[in-house]
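Remarks on the structure that follows.
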Amino acid sequence: MGETIISTCSLSSGSSGNSIFVGCGGTNILIDAGRSAKAMTELLAEINMKIADISAIFITHEHIDHVSALKVLISRHKIPVYMVWESFDNLSDDYKSALGEVINFISPYDKSDINKNNINIGELSVECYATPHDSAASVGYVIRHNADNSRKAVGIATDIGHMTKEIIDSVCGCKVLYIESNHDLEMLRDSSYPEQIKQRIKSKHGHLSNAECAQSLPYFIQNGAEKIILYHLSGENNTKEIALNESKKSILSARLHAGTVYLGAAPKSSPSKMINLKIETDPKPVFNPLDPNSDRKVLHIQNISKKKSLEIPEIDIKNNNVSEGIV
């Protein structure tokens, strides 16, 4: 049976700029490029990558902290860029002009056709889904390996005003999950922000709070999430410690049979530890009870002992051990 590795890390996170790296073999993609072109080049160098190594850039939405590098990067390197039409249409003319030769328009995932909106880039398969944010349009992404398209590897859910069924359905099953944990509600309430900005952040098309993020994590873990990276933390209305503690409390309170789960927060302006996912490129057949020709020997049901510890054995709240080993 063949195996390959999907590697991923956050390059930058927060209002100063956002970008996530995902690579497999010779295929390397970015989700957003929200720092300057110079900064993006330097961040990639920290993970031993060059701009020339990037196969494609996928954009979640048109806000400057997600697209800042595009104009300069694309003028120098003709990297294919993927985004929804509404986001492109709301960019400034100089950005549109720079992207004119490399732009590819995508649409959120259509459940009526499982392959309709998948974009194949080398060894990776990427799909997008709609997210609620106060931009012209906004999407999240799910990334798989082309040889095992039934299994979700990396899910990205950032800049989301609230948790929708579409978000939950889309990223449920992802082994690695980047999820927004933007603000602490009390810190936001007491901050110096104008009331209008506070209401925008708290709105259903603003940003996800620590509490809302934490509430969703037990469900994602129960359905296969093994590495969780809290993303897009506010520099003024949140701290790494507060966000991690709220998520950790929610996970432990759920008393799951989940094995080891790593929980970390993406650094603001430097790469996070690299996460390596082992992917079976020749997956075993799955037993289908309706198919008389299906090999029943591949069906294994594991009984979980009631005496097993109900707590998650280890949560890496400092994000120090994420890169050790292969999951």
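All of the numbers you see were taken from the coordinates with simple rules; none came from a lab. In this text, all values refer to a predicted model and were calculated from it rather than measured experimentally. Virtual Cβ from ideal backbone geometry, glycine too; neighbours counted across all protein chains shown.
For this structure, a couple of remarks:
- Residue that is surrounded by the fewest Cβ atoms within 10 Å (Cβ to Cβ), among those in the range 192-216 that are out of contact with any helix residue (DSSP H, G or I) (no Cβ under 7 Å at 6 or more places or on another chain) and hydrophobic (A, V, I, L, M, F, W, C): Ile197
- Counting only residues that are surrounded by fewer than 24 Cβ atoms within 10 Å (Cβ to Cβ), assigned to a loop (DSSP other than H, G, I, E, B) and either among the aromatic types (Phe, Trp, Tyr) or under 12 Å from the mean Cα position of the chain (by Cα) (or both), the range 153-187 holds 3 of them.
- Inside the range 1-28, residues that are among the aliphatic types (A, V, I, L, M), surrounded by fewer than 23 Cβ atoms within 10 Å (Cβ to Cβ) and touching a Cys at 6+ places or on another chain (Cβ under 8 Å) make up a count of 1.
- Every condition in (1) surrounded by fewer than 17 Cβ atoms within 10 Å (Cβ to Cβ); (2) over 19 Å from the mean Cα position of the chain (by Cα) holds for Tyr219 except the one numbered (2).
- Ser55 being polar (S, T, N, Q) and in contact with a helix residue (DSSP H, G or I) (Cβ under 7 Å, 6 or more places away or on another chain): no
- Taking the range 134-143 as the range and being part of a strand (DSSP E or B) and either β-branched (Val, Ile, Thr) or surrounded by fewer than 24 Cβ atoms within 10 Å (Cβ to Cβ) (or both) as the test, the residues that pass are Val139, Val142, Ile143.
- For first residues located in the range 224-248 and closer than 18 Å to Ser13 by Cα, partners that are among the aromatic types (Phe, Trp, Tyr) and not in a loop (DSSP other than H, G, I, E, B) and lie 6+ apart or on another chain with Cβ distances below 8 Å form the pairs Lys227/Tyr262; Ile228/Phe220; Ile228/Tyr262; Ile229/Tyr178; Tyr231/Tyr178.
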